[in-house]
1. Check the stretch 131-145 and report whether any residue there is basic (Lys, Arg), at pLDDT 85 or above and open to solvent by 50 Å² or more (accessible area, probe 1.4 Å).
2. Could you figure out which of (1) surrounded by 13 or more Cβ atoms within 10 Å (Cβ to Cβ); (2) over 21 Å from LEU21 (Cα atoms) isn't true of THR90?
3. Please go through the stretch 50-72 and give me each residue that is surrounded by 14 or more Cβ atoms within 10 Å (Cβ to Cβ) and either assigned to a helix (DSSP H, G or I) or in contact with a helix residue (DSSP H, G or I) (Cβ under 8 Å, 6 or more places away or on another chain) (or both), ordered by number.
Amino acid sequence: LVVQGVYRGTATEAGAMLIPLSIGWPVGSMVSGRVILRWGFRPALLLGVVFIAAGSVPLVWLAAGTSIWWVVALTTVTGLGLGFATLATTIAVQNSVDWSRRGVATSAVLFCRSMGGSVGVTVMGAMLSADLLGTMVFIVKGFMLVFLQMWLRWTLPRLRIDQVLYMCVKVLLPLACI
């Protein structure tokens, strides 16, 4: 979308922008395997999350004057992070279950990844094709509040929810004004 919308590229050029991601992902998995052997899956997973954030967050602020090579570099870094994270999460799940259940655990991880990707693409495609920018912001804010309330009820059972929400208003109010 960035290549077609911001840089006015063709669909072929937009598809070609996935090549750095597709190269970074297996390279990240190979390097992650070495990191996991040496230090364990937790540092590899942390590195993966850092790479994903470092590659994805700057893509939000791209402008028409930004070089296309920045997009290539950022998608490569995102691919590295995905390679680190997917391998580390698979190994973490496999290590958390008994040997006889590893096949079930691995298939559950892959099934959840597949379903999450399908649902994510469906929801984002629906929002983009319906051009619901104002509604999308409202929906995201609503989801943020619902998930925050669920998280607070789950993690802070001793406090009353109205007390905790009152304390969080100082943080949530500026977010709601955006």
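1. Looking for residues that are basic (Lys, Arg), at pLDDT 85 or above and open to solvent by 50 Å² or more (accessible area, probe 1.4 Å), one finds none in the stretch 131-145, hence no.
2. In the conditions (1) surrounded by 13 or more Cβ atoms within 10 Å (Cβ to Cβ); (2) over 21 Å from LEU21 (Cα atoms), THR90 misses (2) alone.
3. VAL50, PHE51, ILE52, ALA54, GLY55, SER56, PRO58, LEU59, LEU62, ILE68, VAL71, VAL72
The values are calculated or read from the model by the stated rules, or taken from the named source; none is laboratory data. On a predicted model such as this, the values are computed, not experimentally measured, just so you know. For neighbour counting, all protein chains shown are included, and Cβ atoms are generated from backbone atoms with ideal geometry for every residue, glycine included. Note: areas computed on protein heavy atoms with side chains; ligands, DNA, RNA excluded. Shrake-Rupley method; radii C 1.70, N 1.55, O 1.52, S 1.80 Å.
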